[in-house]
Amino acid sequence: MTASPPDPTLAHWQAQTAARRAQHLYRQSRVNPAAENAGQVFNSNDYLGLMRHPALAAALAEGAQRWGTGSGGSHLISGHTAAHQALDDALAAWFAPHIAQAAALSFSTGYMANLALLTGLADGDTTIFADKLNHASLIDGALLARAQTQCQLRRYPHADYAALERQLQACSSAHKLIVTDGVFSMDGDIVDLPRLLQLAEQYQAWVLMDDAHGIGTLGTQGMGGQGCVAHFGLSQAQRLCVVATFGKGAGCAGAAIIAPAPVVEWLTQAARPYIYTTASSPAMAHALQASVALMQGHEGQMRREQLGLVIHAFRGQMQAALPSMNPAWHLLPSDTAIQPLVVGDNATALALADGLQRAGFAVSAIRPPTVPVGTARLRFTLSAAHQAEDVAALVQALQSVAAGLSGL
């Protein structure tokens, strides 16, 4: 039998993969050897340490016993159970102090929620204004909205609200959507949400905020934990839609859009990622109700306080240790659980992450295109599950790995 000629398309994909490897940009999934020891995991988004909370495990099991493991259909056909409705109601009540006429629409993932929000709200007479450091799901949502509706897309330099205002002033579209992260996932800084809402009011725009990394971790007053809206003490915001995701601070999975009721009503009619997919597991929706109760209660407040202590300890010890490691490396100015150490080149970031893994610590190297070229970094994510001795051991291990690199 004559051998088939090489497939040129497959060869192209293989060459692309080889080029990524040569540039130290190759990605792969690894089994996390530290996953069973929370004190050694510094690349998890389990910010409040709720992922293994017995109350959430019990609620998940209870939900599975009551409703089974799957929903069996889309929300608008047969998949919307009492568990889903109770979750939407609980989320609306949680955000009611901060968002006018708050209502909620739940999704399987934050990525789906962001696609739904942008494609559901944009039309041909819309301009989307997007921060250049927005998460990939917001970027993809904006690009998909543009492809579907021929809306306009403008990107403004990160956190440059003067540049955003100039774009708003020059815009003649009937509908304007300002799209932003709440806590930026790779830098750890917090959006100036009051400033964006002031611009939205002034220029008749709406703010769409993905608060994936703020939910549970920010907001200490009253019910607390609602992320950026609570952090800034917003009251009855009129022009705001929030995407809350639950695979991070909530310790579970899924997401929701929380917005004024007329917006949620329209998204139910127009958001294809909501209409045309199977609803998430009702067992997870039941577990999420327990998570919301934990985050907004006394235990959630105590865990946020513990997280604050861990952040303070980490930054203090890292700032003291950095001069002896490499004066070119720098810790970005973040007060959140996301603590990035910028080291510059891809190979160094990989070598540091590999060295820390050998020492028993799970830390991720973040490289382009996730971050700009020349800003490869270690992204440390901190948790209320960490103790002071965990942070001290991590910093000591990093010093040892850095010393080994400098001696090569």
Every listed condition ((1) of a type in the set (A, V, I, L, M, F, W, C); (2) in the same structural domain as Gly233 (by TED's automatic domain parsing); (3) over 22 Å from Gln169 (Cα atoms); (4) in contact with a His (Cβ under 8 Å, 6 or more places away or on another chain)) holds for Ala59 save (2)
Residues of the stretch 377-408 classified as touching a Gly at 6+ places or on another chain (Cβ under 6 Å) and more than 18 Å from Ala337 (Cβ to Cβ), total
1
Of the criteria (1) surrounded by fewer than 23 Cβ atoms within 10 Å (Cβ to Cβ); (2) in contact with a helix residue (DSSP H, G or I) (Cβ under 7 Å, 6 or more places away or on another chain); (3) not charged (D, E, K, R), which one Thr149 fails
(2)
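Go through the stretch 372-389 residue by residue and tally those that are surrounded by 19 or more Cβ atoms within 10 Å (Cβ to Cβ) and of a type outside the set (Phe, Trp, Tyr).
Filtering the stretch 372-389 down to residues surrounded by 19 or more Cβ atoms within 10 Å (Cβ to Cβ) leaves 375-386.
Checking the rest, the ones that are also of a type outside the set (Phe, Trp, Tyr) come to 375-379, 381-386.
Of the residues in that region, 11 qualify.
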Any residue that is basic (Lys, Arg) and either without any contact (Cβ under 8 Å) to a residue 40 or more places away in the chain or within 19 Å of Val243 (Cβ to Cβ) (or both) - is there at least one of those in the stretch 293-311?
no
Tyr156 versus (1) among the aromatic types (Phe, Trp, Tyr); (2) surrounded by 22 or more Cβ atoms within 10 Å (Cβ to Cβ); (3) without any contact (Cβ under 8 Å) to a residue 40 or more places away in the chain: which is the lone unmet condition?
(2)
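So that you can scan it fast, the table gives a plain yes or no per residue for (1) without any contact (Cβ under 8 Å) to a residue 12 or more places away in the chain; (2) out of contact with any strand residue (DSSP E or B) (no Cβ under 9 Å at 6 or more places or on another chain):
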| residue | (1), (2) |
| --- | --- |
| Leu25 | no, yes |
| Ser78 | yes, yes |
| His84 | no, no |
| Trp94 | no, no |
| Leu105 | no, no |
Long-range neighbours under 9 Å by Cβ, at least six apart or interchain, first residue without any contact (Cβ under 8 Å) to a residue 24 or more places away in the chain within the stretch 174-186, second hydrophobic (A, V, I, L, M, F, W, C)
none
From the option list Leu143, Leu133, Leu218, single residue qualifying as assigned to a loop (DSSP other than H, G, I, E, B), out of contact with any helix residue (DSSP H, G or I) (no Cβ under 6 Å at 6 or more places or on another chain), hydrophobic (A, V, I, L, M, F, W, C) and more than 18 Å from Arg239 (Cα to Cα) is Leu133
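Are any residues in the stretch 352-408 among the β-branched types (Val, Ile, Thr) and in contact with a Lys or Arg (Cβ under 6 Å, 6 or more places away or on another chain), and if so, which ones? Show your work before the answer.
Quick first cut of the stretch 352-408, residues among the β-branched types (Val, Ile, Thr) only: 363, 366, 370-371, 373, 375, 381, 391, 395, 401.
Correct list: Ile366 only.
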Condition set under 21 Å from the mean Cα position of the chain (by Cα) and of a type in the set (Ser, Thr, Tyr), scope the stretch 201-238, selection surrounded by the most Cβ atoms within 10 Å (Cβ to Cβ): answer is Thr217
Over the stretch 342-366, the set of residues part of a helix (DSSP H, G or I) and among the small types (Gly, Ala, Ser) is Ala347, Ala349, Ala351, Ala353, Gly355
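Just the residues that are of a type in the set (A, V, I, L, M, F, W, C), in a loop (DSSP other than H, G, I, E, B) and touching a Pro at 6+ places or on another chain (Cβ under 6 Å), please, taken from the stretch 93-114. Write out each step before concluding.
So in the stretch 93-114, the residues of a type in the set (A, V, I, L, M, F, W, C) come out as 93-96, 99-100, 102-105, 107, 112-113.
Filter again for in a loop (DSSP other than H, G, I, E, B), leaving 96, 100.
Listed by number, the list holds a single entry, Ala100.
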In the stretch 277-334, which residue that is part of a loop (DSSP other than H, G, I, E, B) and among the aliphatic types (A, V, I, L, M) is surrounded by the fewest Cβ atoms within 10 Å (Cβ to Cβ)?
Ala328
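The values are calculated or read from the model by the stated rules, or taken from the named source; none is laboratory data. No experiment lies behind these values; they were computed from the predicted model shown. Because the Cβ atoms are built from the backbone with ideal geometry, glycine has one as well, and the counts that use them run over all protein chains shown.
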